[in-house]
Amino acid sequence: MTAFAPERYVSLDGPIHRLDARVKVALLAVFAACVVAAPRGRLEALGIYLGIGVGLTLLARVPPTVILRRAAIMLPVFAGVALVSMLFRTETSASTVPAWLPPLDLMLRLLAILLGGLLLAATTPLWRVSHALRALGAPALIALLFSFVARYAFLLLERVMALHRALLGRGGLPKRLGPRARMLTSASTALLLRAYERAEQVAIAMEARGWDGRMRSLPLPRLGGKAILGGVVAALLLALPCAWAWLR
Amino acid sequence: MSDEAIAVEDLYYTYPDGTPALRGATFAVPRGARAALVGPNGAGKSTLILHLNGILRGQGRVKILGETLTTENLRAVRRKVGLVFQNPDDQLFALRVLDDVAYGPLNQDLPPEEAERRAREALEAVGMAHAADKAPHHLSFGERRRVCIAGLLAMQPEILVLDEPTANLDPRGRRELINMLKTLGVTLLVASHDLEFVLDLCDLGFLMDEGRIIAGGPPRELLSNAQLLSAHGLEQPLSLRLRRSPEPPG
């Protein structure tokens, strides 16, 4: 079974859940584009986008704490990215804006996009996302990679948890930094080798079932006019905060 | 038309690291038979199986339904021989059960609607129709194995080859698998350590060790030879041992 909490909510029946996956994926792309395109340093616009993310989570009846807790896991990574970006600031920008603003701006953008992605994962089965990517014309390689990552991330996570239990069963990680680093390196190497072996097995299995390098998929039902219209209206609404921030 | 579904003659294979895996393996499985390859770990069973649809190519001859396997007919042969691997997670790579089962038929260039129909029929045949829209990681190990088998049945192969099909199955999953395999109506070849499973399912058995076929015959006869089994790292199945042991006094 999966340990990925947002996936537990895909079977709920909410207004966001009922939307066609193609519309949701397209809207996530619009949402991400708007977040990226919002003018630099306009935190109020980014706040609106974060608010939209939380609001849609509530509308989908997914507990926001589930999404926020998962998003919080990535906060140190985002903070790291933001700090690196601060170190490489150009002189011009450094002289005109306070030092704390660009990293905070970047962190909020990343957080808003992550919220959108997690909301999609909590309201749409991953296979529908994969189908939607293909239907929306994503390159076959991207769709295939998404499919593999989504399929095998769970197995990798199970493997990591099994390894963690095995380490705990043998007294846990050493307290001293050197031995601890050595043990973690050895565990990571074991994981990497297992992943490589699995990749080879999967390739053999694909070949055995006729893989010839072409991606083929089952047909999808036609997207109704209502869904397209609703999607276009929602996309325009999503663009409003960004446009407002530019015009102010 | 050949009476043999599989005929392997004098097959040799050495892995790139120099480990010899097959050393002149020779055996034949008649059409419609349910055959078993038994042998200790490292006997070469899995390597031999990978030769049956050309994933590995050794020296010697492999004939499938009377046709010698060559580079030219590889694709055609793969339509006839379905391989089920030991670990279902190596075989189920799609995010949804139905997509995975339809993968083979789609690669056969069938129209998508026909591929979906075949996939649903195959899922029905293995008792997994209810799981069509589920993700593979939400299924039990036994269910995943059945979906793997459905993925091959949807390709309508004439031969089904299974590597350690009962590994990691609980008794119920194992029983369900045996019952399902008995109803399939295709030529079966299973590589297994589970000798009770072989006795229950198969009508032909081959003992393999050190890359060669040591003996062959009806499983009950083959697996009754305790000396032969012991010499090749196997143990007589309990059911046969109990049958041979004298009645307890009183």
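Just checking, which of A:69, A:40 is among the charged types (D, E, K, R) and part of a helix (DSSP H, G or I)?
When all the criteria are applied, what remains is A:69.
Residues to consider are A:171, A:116; find the one that is away from chain B (no Cβ under 14 Å) and surrounded by 15 or more Cβ atoms within 10 Å (Cβ to Cβ). Steps first, answer last, please.
Working: A:171 fails: surrounded by 15 or more Cβ atoms within 10 Å (Cβ to Cβ).
A:116 is the lone residue from the list that is away from chain B (no Cβ under 14 Å) and surrounded by 15 or more Cβ atoms within 10 Å (Cβ to Cβ).
Out of the residues in the stretch B:140-157 meeting the condition of being more than 11 Å from every other protein chain (Cβ to nearest Cβ) and among the small types (Gly, Ala, Ser), tell me which one is surrounded by the most Cβ atoms within 10 Å (Cβ to Cβ).
Of everything passing the filter in the stretch B:140-157, B:150 is surrounded by the most Cβ atoms within 10 Å (Cβ to Cβ).
When residue B:122 is evaluated against the numbered criteria (1) within 11 Å of chain A (Cβ to nearest Cβ); (2) surrounded by 24 or more Cβ atoms within 10 Å (Cβ to Cβ); (3) not in a loop (DSSP other than H, G, I, E, B), which criterion, by number, is the only one it fails?
Here residue B:122 clears every test but (1).
Just to be sure I understand, how many residues within the stretch A:201-248 are farther than 24 Å from residue A:133 by Cβ, touching an Asp or Glu at 6+ places or on another chain (Cβ under 9 Å) and within 14 Å of chain B (Cβ to nearest Cβ)?
Of the residues in that region, 2 qualify.
In the stretch B:65-74, which residue that is of a type in the set (A, V, I, L, M, F, W, C) and in a loop (DSSP other than H, G, I, E, B) is surrounded by the most Cβ atoms within 10 Å (Cβ to Cβ)? Before you say what the answer is, go through the steps one by one.
Kept after step one, since they are of a type in the set (A, V, I, L, M, F, W, C), are these residues of the stretch B:65-74: B:65, B:69, B:74.
Checking which are in a loop (DSSP other than H, G, I, E, B) leaves us with B:65, B:69.
Working: B:65: 18, B:69: 21.
Across the stretch B:65-74, the extreme among qualifying residues is B:69.
Which members of the stretch A:126-149 meet the condition of being facing chain B (nearest Cβ under 10 Å) and buried (at least 20 other Cβ atoms within 10 Å of the Cβ)?
A:126, A:127, A:128, A:129, A:130, A:131, A:147
Taking only the stretch B:78-119 into account, find how many residues are assigned to a loop (DSSP other than H, G, I, E, B), at the interface with chain A (Cβ under 8 Å from one of its Cβ atoms), polar (S, T, N, Q) and under 29 Å from residue A:7 (Cβ atoms).
2
In this structure, is residue B:62 under 27 Å from residue B:195 (Cα atoms), in contact (Cβ under 8 Å) with a residue 60 or more places away in the chain and part of a strand (DSSP E or B)?
Criteria not met by residue B:62.
Could you check, for the stretch A:143-152, whether at least one of its residues is polar (S, T, N, Q) and part of a helix (DSSP H, G or I)?
Of the stretch A:143-152, the ones polar (S, T, N, Q) are A:147.
In the following step, the residues that additionally are part of a helix (DSSP H, G or I) were identified as A:147.
Yes: the stretch A:143-152 contains one or more residues that are polar (S, T, N, Q) and part of a helix (DSSP H, G or I).
Mind counting the residues in the stretch B:1-11 that are surrounded by 15 or more Cβ atoms within 10 Å (Cβ to Cβ) and touching a residue at least 60 places away in the same chain (Cβ under 8 Å)? Don't jump to the end; show me each part of the working.
Residues of the stretch B:1-11 surrounded by 15 or more Cβ atoms within 10 Å (Cβ to Cβ): B:4-8, B:11.
Checking which are touching a residue at least 60 places away in the same chain (Cβ under 8 Å) leaves us with B:4-6.
Number satisfying all stated conditions: 3.
Could you tell me which of the residues B:115, B:131, B:102 is under 21 Å from residue A:213 (Cα atoms), crowded, with 22+ Cβ neighbours inside 10 Å and free of Cβ contacts under 8 Å to residues at least 40 places away in the same chain?
On inspection, the qualifying residue turns out to be B:115.
Output the residues belonging to the stretch A:157-168 that are closer than 26 Å to residue A:206 by Cβ and either facing another protein chain (nearest Cβ under 9 Å) or surrounded by fewer than 15 Cβ atoms within 10 Å (Cβ to Cβ) (or both).
Just the residues of the stretch A:157-168 that are closer than 26 Å to residue A:206 by Cβ, to begin with: A:157-160, A:162.
Passing the criteria: A:157, A:158, A:160, A:162.
Pick from B:99, B:90: which is among the acidic types (Asp, Glu) and at pLDDT 90 or above?
Values: B:90 fails: at pLDDT 90 or above.
Of B:99, B:90, the one residue that is among the acidic types (Asp, Glu) and at pLDDT 90 or above is B:99.
Are any residues in the stretch B:158-171 within 13 Å of another protein chain (Cβ to nearest Cβ) and either of a type in the set (A, V, I, L, M, F, W, C) or assigned to a helix (DSSP H, G or I) (or both), and if so, which ones?
Start the filter on the stretch B:158-171 by keeping residues that are within 13 Å of another protein chain (Cβ to nearest Cβ), which leaves B:159-163.
Residues satisfying the conditions are B:159, B:160, B:161, B:162.
Of all residues in the stretch A:33-63, which are of a type in the set (D, E, K, R) and at negative phi? Talk me through it step by step, then tell me what you get.
Taking the stretch A:33-63 first, the residues of a type in the set (D, E, K, R) are A:40, A:42, A:44, A:61.
Within the stretch A:33-63, A:40, A:42, A:44 qualify.
Does residue A:180 satisfy the condition of being at pLDDT 85 or above and within 14 Å of another protein chain (Cβ to nearest Cβ)?
Details: at pLDDT 85 or above: yes; within 14 Å of another protein chain (Cβ to nearest Cβ): no.
No; evaluated as a whole, the condition is false for this residue.
Can you list residue pairs whose Cβ atoms sit under 7 Å apart, with the first residue in the stretch B:39-52 being in contact (Cβ under 8 Å) with a residue 40 or more places away in the chain and the second being surrounded by 17 or more Cβ atoms within 10 Å (Cβ to Cβ) and in a helix (DSSP H, G or I)? Count only pairs 6 or more apart in sequence or on different chains.
B:39/B:45
Residue A:13 fails exactly one of the following numbered conditions: (1) of a type in the set (D, E, K, R); (2) assigned to a loop (DSSP other than H, G, I, E, B); (3) more than 24 Å from residue A:135 (Cα to Cα). What is the number of that condition?
Among (1) of a type in the set (D, E, K, R); (2) assigned to a loop (DSSP other than H, G, I, E, B); (3) more than 24 Å from residue A:135 (Cα to Cα), residue A:13 violates only (3).
Out of A:112, A:99, A:121, A:82, report the one residue that is assigned by TED's automatic domain parsing to the domain that holds residue A:27, under 26 Å from residue A:48 (Cα atoms) and not in a helix (DSSP H, G or I).
On the way: A:112 fails: not in a helix (DSSP H, G or I); A:121 fails: not in a helix (DSSP H, G or I); A:82 fails: not in a helix (DSSP H, G or I).
Criteria check complete, one pass: A:99.
Tell me yes or no: at least one residue of the stretch B:12-31 is hydrophobic (A, V, I, L, M, F, W, C), assigned to a loop (DSSP other than H, G, I, E, B), within 17 Å of the chain's Cα centre (by Cα) and within 26 Å of residue B:166 (Cβ to Cβ). Working first, answer last.
Here is the first cut: in the stretch B:12-31, the residues hydrophobic (A, V, I, L, M, F, W, C) are B:21-22, B:25, B:27-29.
In the following step, the residues that additionally are assigned to a loop (DSSP other than H, G, I, E, B) were identified as none.
No, the stretch B:12-31 contains no residue that is hydrophobic (A, V, I, L, M, F, W, C), assigned to a loop (DSSP other than H, G, I, E, B), within 17 Å of the chain's Cα centre (by Cα) and within 26 Å of residue B:166 (Cβ to Cβ).
Conditions tested, residue by residue: (1) surrounded by 16 or more Cβ atoms within 10 Å (Cβ to Cβ); (2) without any contact (Cβ under 8 Å) to a residue 60 or more places away in the chain.
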| position | (1), (2) |
| --- | --- |
| B:79 | yes, no |
| B:86 | yes, no |
| B:91 | yes, no |
| B:94 | yes, yes |
| B:135 | yes, yes |
| B:138 | no, yes |
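Pairs, please: C-beta under 7 Å, at least 6 apart or cross-chain, first residue modelled with pLDDT of 90 or more and in the stretch A:219-248, second surrounded by 12 or more Cβ atoms within 10 Å (Cβ to Cβ) and among the basic types (Lys, Arg)?
A:245/A:42
Would you check which residues across the stretch B:32-52 are outside any loop (DSSP other than H, G, I, E, B) and either buried (at least 19 other Cβ atoms within 10 Å of the Cβ) or β-branched (Val, Ile, Thr) (or both) and list them?
Within the stretch B:32-52, the subset outside any loop (DSSP other than H, G, I, E, B) is B:34-38, B:45-51.
B:34, B:35, B:36, B:37, B:38, B:45, B:47, B:48, B:49, B:50, B:51, listed by residue number.
The values are calculated or read from the model by the stated rules, or taken from the named source; none is laboratory data. These numbers come from a predicted model, not from an experiment. Cβ coordinates were reconstructed from backbone atoms using ideal geometry, including for glycine residues, and neighbour counts include every protein chain displayed.
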